[in-house]
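Undergrad: One structure is given below, represented as structure tokens, and several questions about it will come after.
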Amino acid sequence: DQGFVGVIYQGPVPIRQLVSDVKLLRLPSDQLRDFCSPFSGRWVTPPPSADPLQVTSRFIDEALVTQGIEYLERHAQLAEQSPSSSLLQAPGDLYYVLAVLLRDQEQNDASLNAFAKAIQHQPDDFRYRNDFASLLAATGQLNQAAEQLLQSLRIKPQDIFVQRKLGFLRMAEGNPAAAIPRFRAVVDSTPQDIACWYNLANAYRRNEQLNEAMETYRHTLNLEPRMTLAANNL
């Protein structure tokens, strides 16, 4: 009743057996396994849970990407309908992997939708937010991407890679004033990051803070005298 295969029969099946087997399907997995085995005895390990990600991986290995995506999407929907089932992984994890697969197939709209569902189920997962932001930015949705990066920083406030990405995003939005504190946070944390010093100088220049821009270009050249772009801009 949850969309899973319960029993596979070979040939005709008596109604009495069907009725009996339906009742067995509601047993706990350890008891159900006893009925599946033709032998008596003791089990060495507990019954494993179904892992849709492993099945999806096998589809991908066999170059059946479309079928793997369809299978995983169905499983994610089942997980939403019965989140307490021991046979299913967390819906957020399933939707996240589905989003990545769809992104790799350049099905961006479907991927964005899957990312949103993953975050709906697990709003504090850093990976979901960060990867969602990257796809949003790649599809030109800069403001929404910035919101996801801000949520990523809420989860990991000290992450300099997100700070850097947010700085570039603000520059792409044409908002150098908002980019400056992001680049500043990176160079404060990693003072030898030459590229970020250069980007900070660019942000100052575009924000018409020319004295700060010149000082920062000079500092960049002190760190790397051969950086001709910094010298040219200075």
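The values are calculated or read from the model by the stated rules, or taken from the named source; none is laboratory data. Computed from a predicted model, the values in this text were never measured in an experiment. Heads up, the Cβs are rebuilt from the backbone with ideal geometry, glycines too, and the neighbour counts pull from every protein chain shown. These area figures cover heavy atoms from the full protein model, side chains too; ligands, DNA and RNA do not enter into them. Shrake-Rupley method; radii C 1.70, N 1.55, O 1.52, S 1.80 Å.
Undergrad: Output the helices (runs of 4 or more DSSP H) that fall wholly within the stretch 1-74 and possess 2 or more residues being modelled with pLDDT of 85 or more, open to solvent by 60 Å² or more (accessible area, probe 1.4 Å) and over 21 Å from residue 104 (Cβ atoms), or say none. It would help to see each step written out before you state the result.
TA: Values: elements: 15-24, 29-36, 52-61.
In the stretch 1-74, the matching helices (runs of 4 or more DSSP H) lie at 15-24.
Undergrad: All but one of (1) small (Gly, Ala, Ser); (2) within 18 Å of the chain's Cα centre (by Cα); (3) open to solvent by 50 Å² or more (accessible area, probe 1.4 Å) hold for residue 137; which doesn't?
TA: Unmet for residue 137, out of (1) small (Gly, Ala, Ser); (2) within 18 Å of the chain's Cα centre (by Cα); (3) open to solvent by 50 Å² or more (accessible area, probe 1.4 Å): (3).
Undergrad: Moving to a separate point now. Any chance you could count how many residues in the stretch 196-213 are open to solvent by less than 70 Å² (accessible area, probe 1.4 Å) and not small (Gly, Ala, Ser)? Reasoning before the result, please.
TA: Our first condition is that a residue be open to solvent by less than 70 Å² (accessible area, probe 1.4 Å); within the stretch 196-213, this holds for 196-204, 207, 209, 213.
Restricting the remaining residues to those that are not small (Gly, Ala, Ser) gives 196-200, 202, 204, 207, 209.
Result for the stretch 196-213: 9.
Undergrad: Let me ask another. Name the helices (runs of 4 or more DSSP H) wholly within the stretch 147-213 that hold at least 2 residues that are farther than 21 Å from residue 230 by Cα and of a type in the set (A, V, I, L, M, F, W, C)? Before you say what the answer is, go through the steps one by one.
TA: Numbers: elements: 160-172, 176-189, 194-206.
Output list reads 160-172.
Undergrad: Are any residues in the stretch 106-134 surrounded by fewer than 19 Cβ atoms within 10 Å (Cβ to Cβ), among the charged types (D, E, K, R) and assigned to a helix (DSSP H, G or I), and if so, which ones?
TA: Within the stretch 106-134, 109, 127 meet the criteria.
Undergrad: For residue 163, state whether it is open to solvent by less than 50 Å² (accessible area, probe 1.4 Å), modelled with pLDDT of 95 or more and of a type outside the set (A, V, I, L, M).
TA: Numbers: open to solvent by less than 50 Å² (accessible area, probe 1.4 Å): yes; modelled with pLDDT of 95 or more: yes; of a type outside the set (A, V, I, L, M): yes.
When the stated conditions are applied, residue 163 passes them.
Undergrad: Given the criteria within 25 Å of the chain's Cα centre (by Cα) and within 30 Å of residue 116 (Cα to Cα), does residue 174 qualify? If you could, list the steps in order and put the result at the bottom.
TA: Values: within 25 Å of the chain's Cα centre (by Cα): no; within 30 Å of residue 116 (Cα to Cα): yes.
Judged against the criteria, residue 174 is not a match.
Undergrad: What are the residue pairs meeting all of these: first residue in the stretch 154-176, first residue closer than 17 Å to residue 190 by Cα, second residue among the β-branched types (Val, Ile, Thr) and open to solvent by 40 Å² or more (accessible area, probe 1.4 Å), Cβ atoms under 9 Å, and 6 or more apart or on different chains?
TA: Filtered contacts from the stretch 154-176: 160/190.
Undergrad: Right, another one. Identify all residues within the stretch 142-151 that are open to solvent by 60 Å² or more (accessible area, probe 1.4 Å) and more than 19 Å from residue 125 (Cα to Cα); write none if there are none.
TA: Of everything in the stretch 142-151, just one residue is open to solvent by 60 Å² or more (accessible area, probe 1.4 Å) and more than 19 Å from residue 125 (Cα to Cα), namely 143.
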